[in-house]
1. Looking at B:Ala86 and the list (1) open to solvent by 20 Å² or more (accessible area, probe 1.4 Å); (2) of a type in the set (A, V, I, L, M); (3) at pLDDT 90 or above; (4) part of a helix (DSSP H, G or I), which single condition is not satisfied?
2. Give the residue, chosen from A:Val157, A:Val176, that is assigned to a helix (DSSP H, G or I), within 25 Å of the chain's Cα centre (by Cα) and at pLDDT 85 or above.
3. Pairs please, first residue from segment A:185-200 and at the interface with chain D (Cβ under 10 Å from one of its Cβ atoms), second anywhere and open to solvent by 40 Å² or more (accessible area, probe 1.4 Å) and in a loop (DSSP other than H, G, I, E, B), Cβ atoms under 6 Å, 6+ apart in sequence or on different chains.
4. Among the residues of segment A:168-175, is any within 14 Å of chain D (Cβ to nearest Cβ), closer than 29 Å to D:Arg94 by Cα and crowded, with 23+ Cβ neighbours inside 10 Å?
5. Give all pairs with beta carbons closer than 6 Å in which a residue from segment A:265-278 that is within 11 Å of chain C (Cβ to nearest Cβ) and in contact (Cβ under 8 Å) with a residue 24 or more places away in the chain meets a residue that is open to solvent by less than 20 Å² (accessible area, probe 1.4 Å) and of a type in the set (Val, Ile, Thr); count only pairs at least 6 apart in sequence or on separate chains.
6. Go over the candidates C:Phe248, C:Phe262, C:Phe253, C:Phe239 one by one and state the one that is under 30 Å from A:Leu139 (Cβ atoms), more than 10 Å from every other protein chain (Cβ to nearest Cβ) and open to solvent by less than 30 Å² (accessible area, probe 1.4 Å).
7. Is there a residue in segment D:92-99 that is more than 20 Å from the chain's Cα centre (by Cα), surrounded by 18 or more Cβ atoms within 10 Å (Cβ to Cβ) and either part of a strand (DSSP E or B) or among the aliphatic types (A, V, I, L, M) (or both)?
8. Give me a count of the residues in segment B:12-32 that are out of contact with any strand residue (DSSP E or B) (no Cβ under 6 Å at 6 or more places or on another chain) and open to solvent by 60 Å² or more (accessible area, probe 1.4 Å).
Amino acid sequence: MKTRSPAYFAWRRFAANKGALVAGAVLLVLILMAVFAPLITKTGYEAQDFLVQSYAFPSTEFWFGVDDLGRDFFSRIVYGARVSLTIGFTAAAFSVLIGIPLGALAGYYEGWVDWAVMRLIELFSVVPPLLAAMLLGALTNGGFFTIVLIAALFGWVQVCLLVRGQVKAFKEKEFVRAAQALGASPAYIIRRHLIPNAISPIIVGFVLAIPLAMMLEASLSFLGIGVPPPVPSWGQMINTGMNFMYFYWHLAVFPTAALAITVLATTLFGDGLRDALDPSLKGR
Amino acid sequence: MRLLDVVNLTVSFVQHEGVVQAVRGMTLHLDAGESLGIVGESGSGKSVTCMAALRLLREPPAKIAADRLDLGGVDVLAARGRDLAALRGRVAAMIFQDPMTAFDPSFTIGHQIVETIQAHRATAKAQARAEAEALLRRVEIKNAGGVLDAYPHQLSGGMLQRAMIAMALSCQPQVLFADEPTTALDVTIQAQILQLIKELQAEMGMGLIMVTHDLGVVAETVDRVLVMYGGRAMEQGPVQKIFDAPLHPYTQALLASIPGRVAGRQRLVEIAGASPNPANPPKGCPFHPRCAVAEARCGVEAPAFQTVTAGRDAACWRLQ
Amino acid sequence: MIVYILKRLASIALTFTVVSVIVFLMMHAVPGGPFDGNDMPVSDEVKAKLNASLGLDRPLYVQYFKYMWGVLHFDFGVPFQSPGETVLELLGRAWPPSLILGGAGVLIGAPLGILLGMAAALRRNTWVDYLASAFATLGLTIPVFVTSMLLILVFAVWLDWLPASGWGKPYSWVLPIVAYATIPLATYARYTRSAMLDVLNKPFVTVLRAKGLSERRIIFQHVLRNAALPMVTVFLPMFIGTATGSIFVEAMFRVPGLGAYFVSSINLRDYALEMALILMITMMFCVSYLISDILYALLNPRIRTGGRRG
Amino acid sequence: MTAPALELRGISKVYPLRVPGGWLPRFSDHHAVRDVSLVLPRNRILGLVGESGSGKTTTGMMALRLVEPSAGRILVDGVDITAMDHAGLKPYRRRMQVVFQDSYSALDPMMTLAQIVAEPLHIHGLGSKPEQTEQALGWLARVGLDRSYGNRYPHELSGGQRQRVAIARALILRPSVLVADEPTSALDVSVKAQIINLLQDLQAEMGLSILFISHDLSVVRSLTDEVAVMFNGRIVEQAPTEAIFTDARHAYTRSLLDAVPVQNPRERRHRTFLTRAQLEAATPRLAQADLARPALSQAAPQLVAVGPDHWLEAVVT
């Protein structure tokens, strides 16, 4: 019999989920597009090279048409993926960085540490993220890092709760008691047993924080307090596109579709990961 | 009268990792008023057999096939929704292993017994409640009125198991399936519950199927024993004969390895090896990798489960 | 039971206070008051006077307590963008469209969502489930302004059946309400499905089947009752939570509701209105959590009836 | 005379217990374990039996200082470890190890068997990494698992095999005391005997002292030298194993023995059961003259000697 790690079974389950597999492929294509944007676009996102053809509809020359300022719209959409994905991944990374230690501490020590962390989470649960984000965004005049920060500020809660729940469940397990009986320190137990066993919720929390951050960015940009122009943000483009909706549908439809596809693919990928990883610890 | 008649029952579960054959060609029967013990370890297919007899497995992932699967004269495999519901509880009732999770936490014990009575018989609520209270008293619950109005979380495991027995008996079933009814309970409570089930069976003239991993429970309660291993029947016969002179090497080894038979600290007779993995069972007889007297053909083809002497069946090449 | 409620009350009051302090501090810590905007040149002297008249020159904690004291008397101050009335009056003017939009959206979306979730759970792994789940995922992941945009494109621009914006005749309400209803619909569908599946996998459901209860009774009495327990705890907070979405719907369809004022108050640095809106929503959240906790305690026999008997 | 491997002197554990009902929360003390004294001599197996809630597991966990006692003292090899801090305790942890009931949750699912068995060496910094792995593989072989199992994961094993791994992990540090908390009760009948034999063999080879916590009297009879019976957090009777099985004095011990299922259908009998209240009221009353050794005081229930090494909780009149 071949040795099979828990990860192997998770992969088997994931691979059986066709929707998640397709979503993962789409996400991969989007990431590649974002990374190699200069190679697949004809101009930069700022270049107003086609002022004469402003508002041009999609054609073989301009796949997604030309926008109101004479910029190739396909280039803008592709560069928009860069902005969206960068914000999504950075914010998710920060969420995990905040969420893991807080969740692990709250789950392991319970008592007042847990109480304090839970009250902190309650704070974030009574303030709607979007409103707070709008307020913060307005107060700080938006910008890339502000948005990442805001997204992480509200994204860590989910990661923290997931890690806390997992740590709480595993800390009662007998292998943790056995390690304690061996004289292992709490830091050792958290690092070596509890966090590795919480890796599934951490991965899932990370992936599911990405679409939330992307939506937050798009929403803020849509309202004009997100990433400032000329940085190409899909939310911003949708906002602009709305003004020309009656005459130039492409300016609204393409960024809308790009945002929807990206968010949907990431969410489905994350859902698939969750379904695959959740039972993996039971092994069978 | 034949209450349960199962011929060549196969139950498999379709899973990601492949098809798991939980029960492979089981044949068993139960007559009115008779008690049968099904003994086997975890994964032997003993519980699945009972669940399949009442069609309580979720299909899919479960797949049930049999040449015959009759309960109280009704073809269970052909029965649909309403017919099944009429069968369950009325013809055959079941007691489960973990009484703590067997009751709906949102309703009182009384409510759950009353609804069982009303599901099968047109009975006024007050009448059903009175019957429920009498049943609780019959299962030796002193404070029957109080338990009637209690929620499951307010009662101890032993008390809940008594209440579950009362609920199972509420429609005077002809067959009672008891699936490891004492495993989750403490030793002294176990003995009380076993004695109670035995008494009630005799009193009501029910058929009883006692599913257990514990040979002691079998020795205490039933007339006839069926030993299962790796999804197959190994041996079947009257309880006293099985204990005195087991036929199948598995039964022999199992009886020999029971701890505490004699005084003094000592090494026990052990069965080498591990129980078969249901996802990947050994070819041939499931016991052959651990069997002390296995022959070449044991690993090739499974022996048929056939009569050895009157009233005793076994599946072993050495006995054919 | 009483202790439980008091505990929750204390915890939520604490949370509310902390949120109000943070929001208050944040808005005062950031440089730039309402008179710093470029579009409104004001001399320093006038500015100082104005600040004094509004109490902006006092220490922060004094301002805070003064403000909160006013809030307790429903005095949220005067909105900068409409100085002729109080914040309360402005809100009074703005809430009816928001209430109609939110109320109708939830009244349509939530029941449909719950039904959809139930159907998906009961027909697990069939096309019903896949369709419902796909719909719920779409509804949750696609930002509501995108949905709104699609609705406008299809029904207003291309088909020209309904107006694209405004809040006049009731038929102009249709598109915004439909756009908004997708949020509660998706949220409740997803939650209902998972709550139902949780219960359906409990061992007691097998016992109910073994007793010979009809599938209908098992689902409608036992499974629903148990699934309702976690659902009541999220129903109200989810309702308030989805309200955030109405900001975008109002912006998209140019509905003169609370959301529209929130956006303008942020752009105009209208402290008074901003503070009032945030406090109101936070308060609504707090109250909704409290009500949910009480409902949970009432419905859960474990909390309602306490310890062991018999 | 050398000190016993493990000694518990009057240990107790009190948990606050919420009193149901009422407007304000009230708490009463729940005595999980009260004033338990036990001596585990070297090279012996002591059985600690009782029902769930009797306090037997809590006692075992207190001996390992996995649960802090509310009162009393714990001595390992004659050294009082009751008040030691984490660092001070660490060397004594090496001398005491534990095996749990549920072998599934006793092994970290994310680690290979070699990592699991080598972990004690890692925690105590003994040897280099290859040495640790080598020793772990050796121990896998010693508990009856092929060395090739080293890079497998726990979910690939059966319950009996997992329990072997747990035993290897517990013994790799060569402790003098092993606390075994129901190590066989979750196992299949056909592998239970294997694990009991393994414990027997290792105990003899290593001169281990084992505190064997169990509710299964049949296993206790085959494995232990001496038995202590716990009821309501107290030891009510303690005696050499055979004396417990043939000459039980306490009503509770007798009711436990009577509840054991028969070994052969021929021995079936009708049983009468005492209620919990009856058992609680059944503390024997003995005169000083009945005792093997004079009791220290009178009236209060105490453990008194009623035979050679046979102790019984009784009221002396």
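The values are calculated or read from the model by the stated rules, or taken from the named source; none is laboratory data. Because the structure is predicted, anything quoted here is derived from the model rather than measured. Here the Cβ is made from the backbone with ideal geometry for all residues, glycine too, and neighbour counts use every protein chain on show. These accessible areas exclude ligands, DNA and RNA; they are computed on the full protein's heavy atoms, side chains included. Shrake-Rupley method; radii C 1.70, N 1.55, O 1.52, S 1.80 Å.
1. Of (1) open to solvent by 20 Å² or more (accessible area, probe 1.4 Å); (2) of a type in the set (A, V, I, L, M); (3) at pLDDT 90 or above; (4) part of a helix (DSSP H, G or I), only one is false for B:Ala86: (3).
2. Working: A:Val176 fails: within 25 Å of the chain's Cα centre (by Cα).
Answer to the check: A:Val157.
3. Filtered contacts from segment A:185-200: A:Pro196/D:Met110; A:Asn197/D:Met110.
4. Checked segment A:168-175: at least one residue is within 14 Å of chain D (Cβ to nearest Cβ), closer than 29 Å to D:Arg94 by Cα and crowded, with 23+ Cβ neighbours inside 10 Å.
5. Qualifying pairs under 6 Å: A:Thr266/A:Ile210; A:Thr267/C:Thr141; A:Gly270/A:Val207.
6. Details: C:Phe248 fails: more than 10 Å from every other protein chain (Cβ to nearest Cβ); C:Phe262 fails: more than 10 Å from every other protein chain (Cβ to nearest Cβ); C:Phe239 fails: open to solvent by less than 30 Å² (accessible area, probe 1.4 Å).
The conditions single out C:Phe253.
7. So in segment D:92-99, the residues more than 20 Å from the chain's Cα centre (by Cα) come out as none.
No, segment D:92-99 contains no residue that is more than 20 Å from the chain's Cα centre (by Cα), surrounded by 18 or more Cβ atoms within 10 Å (Cβ to Cβ) and either part of a strand (DSSP E or B) or among the aliphatic types (A, V, I, L, M) (or both).
8. 4
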